[in-house]
Amino acid sequence: MKQVQEVVQQVAANVERVIIGKRDAVELTLIALLCRGHVLLEDVPGVGKTVLAKSIARSIGCTFKRIQFTPDLLPTDVTGVSIFNQKSGEFEFRPGPIMAQIVLADEINRATPKTQSSLLESMEEAQITVDGTTYMLPHPFIVLATQNPIEYEGTFPLPEAQLDRFLLRISLGYPSKQDELALLESQRKQHPLTDLGQVVTIEELAELQQLIRDVYVDDLIKDYIVGIVSSTRHHDDIYLGSSPRGSLALYRTAQAYAAVHGRDYVTPDDVKGLIIPVLGHRLIISPAARIRNVRADEILRGLINQVPVPGARAGRRFEREAAVTR
């Protein structure tokens, strides 16, 4: 898995020329790309969510389209529309911005539920249906959606079915003082995104996406993943726990996380580090817990301490069996 590690480090270093001091967020976004999953960037305005999406698109040479979600945006503004051609006497499909490899859904929670639902088919099946005709989306296809968790006026919260389709929820956060000073210096003459070049081809990315599926996951790790997800369905402060899609997401991201760190086997720490970004947005907190201001990440940290972790003997067994499968 050294190839995966080297390529991801190369792309991350290129993106960090623009996004300074956010290595974890950049790495998680690249993990989602390796897993062919979508990302919800939830943070306040101005911390670099849009620039992160543009930087990754340029680094891997993908086509990039931005959709500014507003209350008056229509589903056809996203997917495209069929227009009657008077010369040919036939309807012609004019593709919308969704027909790109990396799509930035900016402020997704400002659009109406009808428009939000236009993304459901594309996010799950990598295709769209317009006027009864199905069109396949380009490969790779990833939606990077942003939303402001603070401002609620004029917004439409994403339904649980759509939140469940996001592989990861990531928060960038404010930069440190040193990082913000470095940011000012980097943009002294021009924005570094202007001359950001491509470092990986789409063909190389497709090869890496296949490689991570070969990462070894022991049965005890699988049991640990299912145990964590199952515990969210029986917690007093959780009204609705994670679906089996959460288990699969945790499984796939753990494989990618291990490969990004140069290993061809998954450890319990890989799973632990991904539990909050993978499961945090899939939980519905009970009304009583909301009154007490209980947050999903607090509940998940408690579950990490409660669910038994495979021990040292199991850890040696992972390495031994992984060596046999190489």
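The values are calculated or read from the model by the stated rules, or taken from the named source; none is laboratory data. Since this is a predicted model, take the numbers as computed values, not measurements. Because the Cβ atoms are built from the backbone with ideal geometry, glycine has one as well, and the counts that use them run over all protein chains shown.
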**OP:** Could you check F84 against (1) part of a helix (DSSP H, G or I); (2) free of Cβ contacts under 8 Å to residues at least 12 places away in the same chain; (3) more than 30 Å from G262 (Cα to Cα) and say which number it fails?
**Re:** (1)
Original post:
Among the residues of the stretch 13-24, how many are in a helix (DSSP H, G or I) and either touching a helix residue (DSSP H, G or I) at 6+ places or on another chain (Cβ under 7 Å) or farther than 16 Å from L40 by Cα (or both)?
Top reply: 4
Original post:
Taking the stretch 117-163, which residues are part of a strand (DSSP E or B), in contact (Cβ under 8 Å) with a residue 24 or more places away in the chain and aliphatic (A, V, I, L, M)?
Top reply: I128, V130, I142, V143, L144, A145
**OP:** Count, please, the residues in the stretch 164-189 that happen to be part of a loop (DSSP other than H, G, I, E, B) and either modelled with pLDDT under 90 or under 20 Å from V44 (Cβ atoms) (or both).
**Re:** 9
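Name the one entry in E27, E92 that is acidic (D, E) and assigned to a strand (DSSP E or B). Give the derivation first.
Details: E27 fails: assigned to a strand (DSSP E or B).
Exactly one residue qualifies, and that residue is E92.
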**OP:** Could you tell me which of the residues M123, M99 is farther than 29 Å from I150 by Cα and assigned by TED's automatic domain parsing to the domain that holds E203?
**Re:** M99
**OP:** Report, by residue number, each residue of the stretch 30-72 that is within 23 Å of L183 (Cβ to Cβ), small (G, A, S) and under 16 Å from the mean Cα position of the chain (by Cα).
**Re:** G48, A53, S55, A57
Subject >> Hits in the stretch 193-230 - residues which are surrounded by fewer than 17 Cβ atoms within 10 Å (Cβ to Cβ), within 30 Å of V307 (Cα to Cα) and within 19 Å of the chain's Cα centre (by Cα) >> reply: R213
Subject >> Odd one out for K22, checked against (1) under 27 Å from G273 (Cβ atoms); (2) charged (D, E, K, R); (3) free of Cβ contacts under 8 Å to residues at least 12 places away in the same chain >> reply: (3)
Subject >> Residue list for the stretch 51-90, restricted to those being surrounded by 19 or more Cβ atoms within 10 Å (Cβ to Cβ), touching a strand residue (DSSP E or B) at 6+ places or on another chain (Cβ under 9 Å) and hydroxyl-bearing (S, T, Y) >> reply: T79
